[in-house]
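The values are calculated or read from the model by the stated rules, or taken from the named source; none is laboratory data. None of the values given here were measured: they were computed from a predicted structure. In this analysis, Cβ positions are derived from the backbone assuming ideal geometry, glycine residues included, and neighbour counts consider all displayed protein chains. Side chains are part of the model used for accessible areas, which takes the heavy atoms of the whole protein and leaves out ligands, DNA and RNA. Shrake-Rupley method; radii C 1.70, N 1.55, O 1.52, S 1.80 Å.
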Amino acid sequence: MVWDLSPLVKNTDPSAVKSDLKSMVAEAEEFRDRYRGKVTLLDAKGLLQFLEERDANWLRCEGQIKYCFLLYSADSTKEVAKGLLEAVRYAQMRRNQALAFIDIELAKLLESKPSLIRDPILSEYKHLLEKLARKAPHMLSEAEEQLVITKDKNGVNAWQLLQSDWLSTRTFDIEIEGETKTLPYGEIIGLYESPNRDLRKQANQTVYENLGKDEIVWASAIRAVCDDHTQMCKLRKYPTAMTQSLIDNDVDLQTVSSLMKTIEKNVGLYQRYLKLKAKLMGMDKLANYDVVAPLPQAPDTKYHWKESRKEATDSYYEFDQELGRWVSEMFEKRRIDGKVRKGKESGAWCASWLAGKSAYILQSFNERLGDVYTLVHELGHAVHAYLGSRNQKPSNFDLGMCIAETGSVFGELLLTDRLLKKATTKEEKQAILAHVLDDFGMSAFQVSARVFFEQSLYDAISQGEFLDGETVADLWVSARNKVYGNSVDWLDVMKWEWTMKPHYYLANFRFYNYPYVYAQLFVFALYRLYKEHGNTFIPKLKGILAAGSSKAPYDIAAELGFDITQEAFWQKGMDQAKEFIDMLEKIA
Ligand SMILES: [Zn+2]
């Protein structure tokens, strides 16, 4: 359960790693000295060499960078890890500074010679160049970009810092078993999924009541962040508040509109699930603090590491031998850190290691059903990296948010299939289906409420409305009600729910929500197609994963015969969710 990071570096001795980091910076500076100011003069052959060199350069330094970050994430209390983290952050900053000229000069080159994009010599990099060309008209001059970075540091970025500092330093009082406890934010939110209903209610009540007390701060922050974005859109000539996000995520407006219309048409399906869940929990109606709560009758099964490893590997083996072998290799070569320890980063993720054609997974494995799902999810990311690194150059494996979750969510559905077949009791099956549907509901529907909310913020601003706390809260409540209807009873204080989402305060990162909806429905639709077409679908899924970012999501889907600009495609994903709900209804 403990990973082996040594293959990432030539020598794990900290001074050797530090000296590798120094060479990495020197190599980037040498590259800069050779090319800076000359990129705009390159012909197709020269550009190919430039891009290939840049990719090769990344493969040479990837291991040492990841080694330092991964070492620290597994145990931040170790002095060696702290020292190497400091060293890698400094080295990366120097490297980024040295290479900052690349995008700006490439954009200029493509503006003056757009025919390069279609040059057969550059065919492997075609989509990379297309993406750059789409960004080019919105870039400012190098001096202006530097100025934006400088003023953002203490300008719009500071709101984000304030929001996260506020949350992480606040404490909340809550009564647990007759005793008043004072908990930090990170701990109290753990109670949202407690089996004890009263605790869930209290935790929600106390957190949002306190957040609401500072509505003035949150409304100021939201206003400033939104207004900054509106102003920057004007400067960068983006026609709408969403355009930048569409370009970053490599999708078009029609696709996102069809996706969101499908959500609106299917809110009744989600509400049907919520009513069914209420019935399973022995209630007339769910309160907001019951929506993701565990079913009271769910069996308290412990999943040990060994059997979880078998469930995970077999889930992938049953789908495809090659995928199964890679998943198995992740365990054999100790690429997974599942051990729970102090000083370990919370959450779970998978870091691809392209040079090693593999990946590393970090997770704190607590032997619950949810942990097995997380393990299989992260292994799906790993499989994506195995396929991508074997088929693509690093710059063609820079996954956008819409595509990045394809392997991982698909893997979860494979596990669901397997667990449902193995389950012997009604309660076990209910727990598995509720787990899948709770996740689906959050990623597809709850997140959609946030998409509607964010859009309404910009609409209000463009109509000259002043956004005070109550106005923003009204916008949130109407976006939320659009999704939930009257299927859930909300505590009054939940109108302040928008105050704690860090993403609303992130500078230059607007409209980050719809990619989650996209990813969820996309994979559910793919899974539906797998169920309909059987084994002939397997190479298609592998093709999607192997494509990395070398093609636009639209083209990847089109090659498989689907049109993601149409609602009919997205409805397939809903049909899969409906099937799970039907299954659960039958055994309720
Ligand atoms: Zn993921």
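Select from segment 282-336 the residues that are assigned to a helix (DSSP H, G or I), basic (Lys, Arg) and under 26 Å from Lys426 (Cα atoms) and list them in ascending order.
Lys306, Arg309, Lys310
Of all residue pairs spaced 6 or more apart or on separate chains, those with beta-carbon atoms under 6 Å, a first member in segment 335-347 that is among the hydrophobic types (A, V, I, L, M, F, W, C) and a second member that is surrounded by fewer than 17 Cβ atoms within 10 Å (Cβ to Cβ) and at pLDDT 85 or above are Val340/Ser364. Of all the listed residues (Met330, Met242, Met260), the sole one being farther than 23 Å from Trp570 by Cα and either free of Cβ contacts under 8 Å to residues at least 24 places away in the same chain or within 22 Å of the chain's Cα centre (by Cα) (or both) is Met330. Of the residues contained in segment 384-396, none is found to be within 16 Å of the ligand (Cβ to nearest atom) and farther than 30 Å from Tyr125 by Cα.
Residues that are of a type outside the set (Gly, Ala, Ser) and in contact with a Phe, Trp or Tyr (Cβ under 9 Å, 6 or more places away or on another chain) were ranked within segment 314-329; the one that is farthest from Lys540 (Cα to Cα) is Glu329. Hey, could you check segment 175-216 for residues that are among the aliphatic types (A, V, I, L, M) and open to solvent by less than 50 Å² (accessible area, probe 1.4 Å) and say which is nearest to Trp496 (Cα to Cα)? Checked segment 175-216; the qualifying residue nearest to Trp496 (Cα to Cα) is Leu211. Residues in segment 397-407 that are near the ligand (Cβ under 10 Å from one of its atoms) and either among the acidic types (Asp, Glu) or assigned to a loop (DSSP other than H, G, I, E, B) (or both): Glu405 only.
For segment 176-198, a tally of residues being assigned to a helix (DSSP H, G or I) and under 29 Å from the mean Cα position of the chain (by Cα) returns 9. Residues considered: Ser448, Ser408, Ser456, Ser443. Of these, the only one that is hydroxyl-bearing (Ser, Thr, Tyr), free of Cβ contacts under 8 Å to residues at least 24 places away in the same chain and on the phi < 0 side of the Ramachandran plot is Ser456. For segment 482-503: of the residues being modelled with pLDDT of 95 or more and aliphatic (A, V, I, L, M), which is nearest to Ala449 (Cα to Cα)? Ranking the candidates gives Val483 first. Would it be correct to say that Leu420 is more than 15 Å from the ligand (Cβ to nearest atom), surrounded by fewer than 17 Cβ atoms within 10 Å (Cβ to Cβ) and among the hydrophobic types (A, V, I, L, M, F, W, C)? Answer is yes for this residue.
Checking the stated criteria, Gln231 turns out to be modelled with pLDDT under 95, surrounded by fewer than 16 Cβ atoms within 10 Å (Cβ to Cβ) and part of a helix (DSSP H, G or I).
Quick one: is Asp439 surrounded by fewer than 23 Cβ atoms within 10 Å (Cβ to Cβ), within 14 Å of the ligand (Cβ to nearest atom) and not in a loop (DSSP other than H, G, I, E, B)? The answer is yes for Asp439. Out of the residues in segment 416-451 meeting the condition of being of a type in the set (A, V, I, L, M) and more than 21 Å from the chain's Cα centre (by Cα), tell me which one is nearest to Trp476 (Cα to Cα). Residue satisfying both the conditions and the ranking: Ala434. Applying the condition of being away from the ligand (no atom under 15 Å from the Cβ) and on the phi > 0 side of the Ramachandran plot to segment 345-380 and asking which residue is surrounded by the most Cβ atoms within 10 Å (Cβ to Cβ) yields Glu367. Within segment 79-115, the set of residues being in contact with a helix residue (DSSP H, G or I) (Cβ under 6 Å, 6 or more places away or on another chain) and at pLDDT below 90 comprises just one member, Ile104. Of the conditions (1) more than 15 Å from the ligand (Cβ to nearest atom); (2) open to solvent by 10 Å² or more (accessible area, probe 1.4 Å); (3) not hydroxyl-bearing (Ser, Thr, Tyr), Asp337 satisfies every one except a single condition; which number is it? Failing condition for Asp337: (2). Residue check: is Asp320 in contact with a helix residue (DSSP H, G or I) (Cβ under 6 Å, 6 or more places away or on another chain), of a type in the set (Asp, Glu), in contact (Cβ under 8 Å) with a residue 60 or more places away in the chain and open to solvent by less than 20 Å² (accessible area, probe 1.4 Å)? Judged against the criteria, Asp320 is not a match.
Residue selection: Phe410 satisfies the criterion of being open to solvent by less than 30 Å² (accessible area, probe 1.4 Å), of a type in the set (A, V, I, L, M, F, W, C), within 12 Å of the ligand (Cβ to nearest atom) and at pLDDT 95 or above.
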